[in-house]
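These notes are about the structure you will find just below.
The values are calculated or read from the model by the stated rules, or taken from the named source; none is laboratory data. No experiment lies behind these values; they were computed from the predicted model shown. Ideal geometry is used to build each Cβ from the backbone, glycine not excepted, and the neighbour counts take in all protein chains shown. For the accessible areas, the whole protein counts, side chains as well, though only heavy atoms, and no ligand, DNA or RNA atoms are used. Shrake-Rupley method; radii C 1.70, N 1.55, O 1.52, S 1.80 Å.
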Amino acid sequence: MVKKKMLSLIDPRFECSICLNCLKDPMLTRCGHRFCSECISTWLKRKSQICPIDLLPLTVEGLFPDNYTKREIDEQKVACLNTGCNVTIPLLEADQHYASCGFSKNQVNGVSDNLCPFHLIGCKDTIKDKNELSNHLVMSVHRHVTLLTKSHIDFMNKFQIRDGARSKALEATQLWDANKDPNSEKALLCNLYERIVVLEQSNIEKDKDIERLNEKTAIKDKDIERLSQMVNNLIIEFAQSQNAISLITCNGVYIWRFENFMESLKLMREKPLQTRYYTPGFYTSSTGYKVCGRINMSSDNRNLSLFIHMMRGDYDDTLIWPFSGHITLSLIHPTNPIQTICLKMESSAESEAFRRCSFGNNGNEVPSLNPRAFGYTEFVAIDEVLQNGFIKNDSIVIKIIVECI
């Protein structure tokens, strides 16, 4: 109940699209959206470097304190909505007040807070606390999207039926008029009466449709937008979680589909020393070493270089260093496996490339990537890639296998 009352008090301009509460220490993005300072900082650290609203690229450097909005929020005063409570409080303190207000429905948060936010479109699950709500929203993304889709289809079907009934009624009215003497007083009265009945039936049908729609959904335009944002955020988070799991459970085998290859090749040729492309970090096993691949232009500007880097992983404390194993790098030919280029190599205990990412100079920073790489500076000639059919749909496919001994 506290959450719903807070939403009814908050001006949409002062609402954070991540936590859906009043903005606290508002930050403004380059793309014009506002979020709580803590919310957007956590989002950029844990989710991805994109704006939660329009999914445009976003970094910490693209955030600016919105002092004007902060002053506006500080000046907002609201009255408690609980019956019997006459307290007027600052907007930012409303959440705390409702949690302890003696005129609340109950000491928890009200009966309605035990329902899923999607209960109006068919979700019957009940929620005990915020942690359970978060778990429920993550685990039920697919079901909630299905319910939203079904509700939308039902909505459109009802309006199609209504429009069909109205067309038939109007058609019947026109046929009635065609068979009457327009100069007859009785015919004119019957025609007027029939038109009134059609309008009344149409009005009653419309009211019933609106009433049923409100009972099933009770979702206003703002609520629909908020739910859509929530679903989109959950879908993005779910996809990112799936991708993270696949990188942990791939057992050291990573398939790199290098898209937009021709544009990337152009950039590598123009700035060979500054342009490098990396794969995401992946693990040799669920509790193994973390590595990544790298591709760039060779110093002679005629070959593609391919390397691997050791990365800082979650299980480095439990592993034996330096890394010892076999590494296979392959450029896959899309139509002729015989032309696939495959080179194998073994790790070297003397090479710093296979050592654990060590502490920095100040003793408390550990780099996420070992700056020393291991691989081939002339893995494949660029002319061979361009002329022998390795490019398909402006993409090349590189396969990296890292096996522990």
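Below is a table of values for the structure above.
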| quantity | calculated |
| --- | --- |
| Thr318 vs. criteria polar (S, T, N, Q), loosely packed, with under 11 Cβ neighbours inside 10 Å and either more than 30 Å from Asn393 (Cα to Cα) or free of Cβ contacts under 8 Å to residues at least 40 places away in the same chain (or both) | yes |
| In the stretch 360-370, residue surrounded by the fewest Cβ atoms within 10 Å (Cβ to Cβ) [restricted to those that are at pLDDT 85 or above and part of a loop (DSSP other than H, G, I, E, B)] | Ser368 |
| Selection count, the stretch 31-62, where residues are more than 17 Å from the chain's Cα centre (by Cα), over 16 Å from Asn21 (Cβ atoms) and open to solvent by 60 Å² or more (accessible area, probe 1.4 Å) | 2 |
| Some residue of the stretch 323-345 being free of Cβ contacts under 8 Å to residues at least 60 places away in the same chain, farther than 23 Å from Thr275 by Cα and among the small types (Gly, Ala, Ser) | no |
| Verdict on Asn243 being of a type in the set (S, T, N, Q), within 26 Å of the chain's Cα centre (by Cα) and surrounded by fewer than 15 Cβ atoms within 10 Å (Cβ to Cβ) | yes |
| Among (1) surrounded by fewer than 19 Cβ atoms within 10 Å (Cβ to Cβ); (2) at pLDDT below 85; (3) in contact with a Cys (Cβ under 8 Å, 6 or more places away or on another chain), the one test that Met6 misses | (1) |
| Every residue from the stretch 321-359 that is open to solvent by 70 Å² or more (accessible area, probe 1.4 Å), more than 30 Å from Ser395 (Cβ to Cβ) and of a type outside the set (Asp, Glu) | Arg355, Arg356, Ser358, Phe359 |
| Filtered residue count, the stretch 72-90, keeping only those that are in contact (Cβ under 8 Å) with a residue 12 or more places away in the chain and closer than 21 Å to Arg13 by Cα | 10 |
| Pick from the stretch 63-98, criterion assigned to a loop (DSSP other than H, G, I, E, B) and either open to solvent by less than 20 Å² (accessible area, probe 1.4 Å) or within 30 Å of Gln49 (Cβ to Cβ) (or both), ranking: modelled with the highest pLDDT | Asp66 |
